[in-house]
Amino acid sequence: MGAKPRVGHILAGNSPKGMIRPAQLKTALTSFGKDKFSEEEAMEYIRRLDTDRKGEFINIAEYVRLMMKS
């Protein structure tokens, strides 16, 4: 039985500095924390953050700002 993945392992990747891939963010949102997101909630959140509508990268600073509003 393997160890549970940690958020740092999920977020680490080959994204440009200050950016995260939507799939990585979705995994983090639905896997970690006391109040985990449902798949639908995570996808809605990601849509709100994907301002260029390309679906490639999410700006981490924008993610933090949106989380602080919640």
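Each other residue within a Cβ distance under 13 Å of residue 15 adds +1 if Lys or Arg and -1 if Asp or Glu, for a net charge of +1.
Taken one residue at a time, the phi angles of segment 26-42 give Karplus couplings (6.51, -1.76, 1.60, θ = phi - 60°) of 4, 4, 5, 5, 8, 10, 10, x, 5, 10, 5, 7, 6, 4, 5, 4, 5 Hz. Gly and Pro are set to x. Summarising the amide proton neighbourhood of residue 58: residues at separation of 5 or more, or on other chains, whose placed amide H is nearer than 5 Å comprise 20, 21. Among the GluC sites (Glu not before Pro) in segment 37-70, those located in a DSSP loop and surrounded by at most 14 other Cβ atoms within 10 Å of their own Cβ are 56.
Only the coordinates and a few stated rules stand behind these numbers; no lab work does. As the structure is a computational prediction, the values presented were derived from the model and not from experiment. Virtual Cβ from ideal backbone geometry, glycine too; neighbours counted across all protein chains shown.
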